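Report on the structure given below.
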Amino acid sequence: MAAQKGKDLLLKVDSTGGGVFVTVAGLRARSLSLNARPIDITNADSANGWREMLDGAGVKSAAVSGAGVFRDEAADETIRGYFFNGSVRNWQVIVPDFGVIQGAFQITGLDYAGEYDGEATYSLNLESAGALGFTAI
């Protein structure tokens, strides 16, 4: 597989609930982390003391982070509103040459920063808030 451009990893939100996803901000850096917390069922009868896991059980989660600049005042207002209202929205994370991960996420962190001689920037963190789907590209 050839190297992919980081700019092609996109983060989009369904802001109306109508199934239309839009990019809400100009992210310069972003990441996706998929996690699975297993259930340890190791016991005295486990072969040679090796850990055993319960197949198909445990808690799955995903975390998304991003940082960049807002495109406009409306994008800033949208994200800020989701954060202060504790809104759970459907988001898409598009990973080039991999697929689209889609589902409910909540903004769990929102930071603003800026240098005196530069633009205002922000960073945000999203945590999954339900089952996620995957569609291969």
Residue satisfying condition, being part of a strand (DSSP E or B) and closer than 29 Å to Ile137 by Cα, within set Ala67, Ala75
Ala67
Condition first: over 15 Å from the mean Cα position of the chain (by Cα) and either of a type in the set (Gly, Ala, Ser) or modelled with pLDDT of 85 or more (or both). Now tell me which residues in the range 7-21 satisfy that.
Ser15, Thr16, Gly17, Gly18, Gly19, Val20
So Leu27 fits all but one of (1) among the aliphatic types (A, V, I, L, M); (2) within 30 Å of Thr135 (Cα to Cα); (3) loosely packed, with under 14 Cβ neighbours inside 10 Å; what number is the exception?
(3)
Restricting to the range 58-97, name every residue that is surrounded by 15 or more Cβ atoms within 10 Å (Cβ to Cβ), more than 15 Å from the chain's Cα centre (by Cα) and of a type in the set (Phe, Trp, Tyr).
Phe70
I'd like the full set of residues that are in a strand (DSSP E or B) and in contact with an Asp or Glu (Cβ under 9 Å, 6 or more places away or on another chain), limited to the range 51-64.
Met53, Ser61, Ala62, Ala63, Val64
Tell me whether the range 74-90 contains one or more residues that are under 20 Å from Ser31 (Cβ atoms) and among the basic types (Lys, Arg).
yes
Just to be sure I understand the filter: pairs with C-beta atoms under 8 Å, separated by 6 or more residues or on different chains, first member in the range 102-117 and under 15 Å from Val13 (Cβ atoms), second member in a loop (DSSP other than H, G, I, E, B) and not β-branched (Val, Ile, Thr). Which pairs pass?
Gln106/Gly86; Gln106/Ser87; Ile107/Ser87
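The values are calculated or read from the model by the stated rules, or taken from the named source; none is laboratory data. Because the structure is a prediction, the values reported are computed rather than measured. For neighbour counting, all protein chains shown are included, and Cβ atoms are generated from backbone atoms with ideal geometry for every residue, glycine included.
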